[in-house]
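In what follows, a single structure is set out as structure tokens and then discussed.
The values are calculated or read from the model by the stated rules, or taken from the named source; none is laboratory data. Given the structure is predicted, the values throughout are model-derived calculations rather than measurements. Virtual Cβ from ideal backbone geometry, glycine too; neighbours counted across all protein chains shown. All accessible areas refer to the heavy atoms of the entire protein, side chains included, with ligands and DNA or RNA removed. Shrake-Rupley method; radii C 1.70, N 1.55, O 1.52, S 1.80 Å.
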Amino acid sequence: MSKDYYELLGINKGASKEEIKKAFHKMAHKYHPDKKEGDEKKFKEVNEAYQTLSDDRKRAQYDQFGAGYQNAGFGGGQSGYQGGFGGGFEGFDFSGFQQGGGMDFDLNDIFSDFFSGGMGGGRTQQRRGRDISTEIQISFADAVFGVDRKILITKTSNCDTCHASGAKPGTKMETCKKCNGQGKIHEAKRTILGTISSTKLCEQCFGSGEVPKEKCEKCHGVGVLKKQEEISIAVPAGIRDGEMIRMTGMGEAVSKGTTGDLYIKINVAPHPVFKRDGHDLVMNLNLKLSDALLGTEYKIETLDGEVKVQIPEGVTINEILRVKGKGVPVSKGKRGDILIKLNIKLPSKISRKSRELIEELKKEGI
């Protein structure tokens, strides 16, 4: 058996007709080619499985001979349609089929109608503008503390002259003649599945039920147009490199519909001193051997300005000092810390006097 129709529909071999039908509708909806994540090949395979398993005769032949039963002379083979909708039609090209009195149908159209509001006139889908994306670069400090930025972006936006109505300012709207003000068109199609009633968005008024009596001169009655727009972006404190900011309703507009969203990718420039570790900032500090032994005070330039750090005597290599509250904001009034990793720099050459002093220290067991 080259194809397992039961597996394609995700059902057991003993599934009832109702279970087969429900499984088919679910899988056809999932793989329909008109959907963003659709799969035409899978869609055709699911349809093939349904046409076989929903017919008692063909299902029995399939269970006995497998997916190749058509070639064994049972399902009509190469002849396709065999008088009436109960016959076999495997391998038939539906896109150009016409039956007697002019009934034409397209398999993709049938399921497009079925799942977008057909079969009894269900809901119509609201139009939505396209989501768009861009990216900006900010400094390390701006990523830590947050920043307001403005960018110029060219996109399809609502017309400012007519306020997206499409009507010339000062003129009125009138009832759409194509849909009689309903905003949707009702259609009935005769198909292989019977008569399907579908409800579609009116292409004349885009679902609003009215059209401008006089069109706006700037957008030509569409209500939207492509233009350059300045957008203010509030980058939150503590944002990480590569994170996205979503601005709802700031994407592209569409006539009589919902505006899409704008996604901004944040690129954070590296800092010459600090690296981020969660809400802490990490840095390296090179110490002279004498400072490590005797202790001293160092001035550190932080993102908040200069601070003095006390180096205790006798510190060891890779020891970490902590400066509290100078890291990345966690919440209101609370921040991470600065972690200072100490590197003791040993001299490559030492003078005679230094050697004598070290020898003395050696004798004391230091």
Worksheet item: In Å², what does the accessible area per residue of the range 240-366 work out to with a 1.4 Å probe?
Response: 66
Item to complete: Work out the FRET efficiency for N12 and Q137 from their Cβ-Cβ distance, taking R0 = 56 Å, and round it to the nearest 0.05.
Response: 0.50
Worksheet, complete the sentence: 1/(1 + (r/R0)^6) with r = Cβ-Cβ of D39 and E229, R0 = 41 Å, i.e. FRET efficiency to nearest 0.05, evaluates to 0.65
Worksheet item: For labels at K363 and D241 in the simple 7 Å Cα→Cβ model, what's the distance in nm?
Response: 5.3
Worksheet item: With each label point set 7 Å from Cα along the Cα-Cβ vector, what nm distance links I185 and H279?
Response: 5.8
Worksheet item: In nm, what is the difference between 0.36 nm times the number of residues separating N267 and R128 and their Cα-Cα distance?
Response: 47.2 nm
Fill in: Calculated FRET efficiency for the pair S354/V307, C-beta based, R₀ 25 Å, to 0.05
0.20
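Let me spell out the model: positive unit charges on the Cβ of Lys and Arg, negative unit charges on the Cβ of Asp and Glu, origin at the Cα centre of the range 309-353. What dipole size does that give, in debye rounded to 20?
Charge dipole, the range 309-353, about its Cα centre: 160 debye, nearest 20.
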Item to complete: Would you mind checking the range 314-337 for residues with the amide N under 18 Å from a putative spin-label position 7 Å along Cα→C-beta of Y298?
Response: 314-327, 337
Worksheet, complete the sentence: The percentage of the accessible area of the range 118-252 (probe 1.4 Å, all protein chains present) made up of carbon and sulfur atoms, to the nearest whole number, is 44
Worksheet item: How large is ³J(HN,Hα) for each residue in the range 43-52, as worked out from phi by the Karplus curve 6.51 cos²θ - 1.76 cosθ + 1.60 (θ = phi - 60°), to whole Hz, x for Gly and Pro?
Response: 4, 5, 5, 5, 5, 4, 5, 5, 4, 7
